[in-house]
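Okay, so here's the structure we're looking at.
What follows is calculated from the coordinates using simple rules that are stated; it is not laboratory data. Source: prediction; values computed, not measured. As a convention, Cβ positions derive from the backbone with ideal geometry for all residues, glycine included, and neighbour counts pool all protein chains shown.
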Amino acid sequence: MRDIERLDPLYEYLKQVHKTYFPDWRFWQLIVNFERWYGMDPFYMEDDKVIEKMEKFISAMKVHDKFVKKN
């Protein structure tokens, strides 16, 4: 069994990303847009890689000025 303690940091991270950068998006809109940007099925992606890839997604959205809340 995987370590259950890995979940809270991931969910807290996703909550912060959602509130900070994509507050107008619905949750699944964020997930589907991330998946489309990623370009592959993330089904087997490890949780720590989600955070790594989400950081790149946020950077890409900033560069393209797409839907990202201005800081």
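Before moving on, here are some points about what is shown:
- Per-residue HN-Hα couplings for segment 27-35 [Karplus 6.51, -1.76, 1.60; θ = phi - 60°; Hz; x = Gly/Pro]: 4, 5, 5, 4, 5, 5, 5, 4, 4
- Net charge dipole size for segment 4-63 [Lys, Arg +1 and Asp, Glu -1 on Cβ; Debye, nearest 20]: 320
- Ranked packing of 18-29, 48-59, 1-12, most packed first, by mean Cβ within 10 Å: 48-59, 18-29, 1-12
- Using the Karplus relation 6.51 cos²θ - 1.76 cosθ + 1.60 with θ = phi - 60°, the per-residue 3J(HN,Hα) values for segment 41-52 come to 6, x, 3, 9, 5, 6, 4, 5, 6, 4, 4, 4 Hz, with x marking Gly and Pro.
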